[in-house]
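Notes to accompany the following structure.
Read the figures in this text as sums done on the coordinates, not as results from a lab. Note that the structure is a prediction, hence the values are computed from the model and not measured. Cβ placement follows ideal geometry from the backbone for every residue including glycine, while neighbour counts extend to all protein chains displayed.
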Amino acid sequence: MAPVLINPSILSADFANLERDLQAIASADHAHVDVMDQHFVPNLTIGLPVVRRLAEVSPVPLDVHLMVEDADRWALQYAEAGAASVTFHAEAAQAPVRLARELRAGGVRAAVALRPATPVEPFLDLLGEVDMVLVMTVEPGFGGQSFIEGTLAKVRRTRAAVDAVGADTWVQVDGGVSRATIGRIARAGANVFVAGSAVYGAPDVAAEIAALRSLAEH
Ligand code: DX5
Ligand code: ZN
């Protein structure tokens, strides 16, 4: 069984207090870092210089989610910046197999992300080349959106495809993950859960991480 991992998204943290807000999630598995370029998605966040410093001060490894065009050009630089895992979008990569191999050779976990409307089936050959598939459960770009129920079927198909390859590939979900949704997403086969507003919006961040973990494990 793939391990259950809880990766809070710092998109919902206080951008004026990122170090403090990273310390607050020390009981999580990774910090999920959303890099947006205002082209692939209609929002702009942080880039290499900030990610470099976050990697130096974070108590947990960084899970970097690149929502940028021209992923082939940028992804490896995030590996060099200190990420533990780098996720690029299938829709933004020209040569996803080559990119995944470069990332792994660069010493990080490689992951491919799919927008809600992107089917997994054209990417089945890529599954053996990556360490994780991210099934977006909202349209990428913003925190605090509602979970798109229709993506559950894709989580199921992705898990089945990964198991069929026999690969030890993790299935991650991102968007609208909360106490209300995490149980059925876990039962659909996801094992890595990104949660932004649910974690940072909670009165007790550590308790929320523990609650999400326990709901995903049962
Ligand atoms: C959205 C980002 C997410 C976002 C999730 O494009 O990729 O990581 O922070 O936010 P919540 O958990 O609030 O839906
Ligand atoms: Zn994300």
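Points worth noting:
- Angstrom value of the Kirkwood radius, inverse mean 1/r, which spans all Cα pairs in the chain: 16.9 Å
- Met136 long-range amide H proximity, modeled H, under 5 Å: Leu114
- Residue exposure proxy: Asp29, Asp37, Asp168, ordered by other Cβ atoms within 10 angstrom of their Cβ from fewest to most, comes out as Asp168, Asp37, Asp29.
- Linear extension gain, Arg179 paired with Ala105, 0.36 nm per residue minus alpha-carbon span: 23.0 nm
- Counting DSSP beta bridges with both ends in the chain, the antiparallel % (nearest 5): 5 percent
- Derived scalar couplings ³J(HN,Hα) [the stretch 115-126; Karplus, 6.51 cos²θ - 1.76 cosθ + 1.60; whole Hz; x for Gly, Pro]: 4, x, 8, 8, x, 7, 4, x, 10, 4, 5, 7
- Mean Cβ count within 10 Å, highest first, over the residues of peptides 62-68, 209-215: 62-68, 209-215
- Normalising the average separation of contacting C-alpha pairs (under 8 angstrom, six or more residues apart) by the number of residues puts the relative contact order of the stretch 5-217 at 20 percent.
- Taking the number of Cβ atoms within 10 Å of each Cβ as an exposure proxy, the fewest-first ranking of His39, His32 is His39, His32.
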